[in-house]
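The values are calculated or read from the model by the stated rules, or taken from the named source; none is laboratory data. Values in this document were obtained by computation on a predicted structure and should not be read as measured data. FYI the Cβ positions are ideal-geometry reconstructions off the backbone, even for glycines, and counts take in every protein chain you see.
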Amino acid sequence: MERLDKRLSQAGYGRKDARELIRRGRVTVDGRVAARPEEKCPPEAEIAVDGQVLGGGFVYLMLHKPAGVVSATEDRRERTVLELLPDDLRRRALFPVGRLDKDATGLLLLTDDGPLAHRLLSPRFHVDKTYAVEVEGTFDAEDVAAFADGMTLADGQMCRPATLRPTGPGQGLVTLGEGKYHQVKRMCAARGKPVRHLTRVAFGPLTLDPGLAPGAFRPLTREEVAALLAAAEGPGGGASSN
Ligand code: URA
């Protein structure tokens, strides 16, 4: 038997949020509205939040990565994104799907669904990622065309065509279907516009939740998980079994 708030936090809700959800009567255990966070539940109890049953399977979290932490599961010197999670979740074998640089911020997906992560990162599936960048200088029509043509980086690596949408002086939105090392920074540098700040605002069908402060996370909704699974279907693909 385990405490209800613990079961919720294992599914990705922060302990404080879990208590608040219970207090507001939004959590049911086997169809009955739960009254207390300390309530003990057997492992087979069906727990639902707003009528949505918690999956006993994989965990999917959207994290707003802050600057200064690395997108890794462990690191001898640096603080990792996993250290932002409570102990209950750290005991799950979660890992970040793809990387954001240490100084970059924004949407990072954390999961323990290896097959899904593999497909989302595979070049075969072309999952688009969108980054809001601040650069030195201001993007112009030639930059937009260079991104659209598919540019060659300083070391000779070729990039697939990408989308650059200038959004203001020294600002733009870059959308890529691939993920080479420091790719956005290197593409902007190749145009003579070094990146000052980079934040990922979208990953496939997911968009960064504006309610998440840097360092905060939340579980994906059912709809978001379904959209991710759909994005990872494709040549040789097939939905994950969660
Ligand atoms: N491109 C970069 O240069 N850095 C990131 O963190 C992500 C994409």
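Points to keep in mind about this one:
- Scan of the stretch 117-164 for residues that are of a type outside the set (Gly, Ala, Ser), part of a loop (DSSP other than H, G, I, E, B), touching a strand residue (DSSP E or B) at 6+ places or on another chain (Cβ under 8 Å) and within 28 Å of Leu228 (Cα to Cα), ordered by number: Val127, Asp128, Cys159, Arg160
- The one condition from (1) free of Cβ contacts under 8 Å to residues at least 40 places away in the same chain; (2) away from the ligand (no atom under 13 Å from the Cβ) that Ala146 does not meet is (1).
- Matching residues, the stretch 76-106, being in contact (Cβ under 8 Å) with a residue 24 or more places away in the chain, part of a loop (DSSP other than H, G, I, E, B) and more than 16 Å from the ligand (Cβ to nearest atom): Leu85, Pro86, Arg92, Leu94
- Residue in the stretch 167-185 that is part of a strand (DSSP E or B), surrounded by 17 or more Cβ atoms within 10 Å (Cβ to Cβ) and either touching a Gly at 6+ places or on another chain (Cβ under 8 Å) or modelled with pLDDT under 95 (or both) present: no
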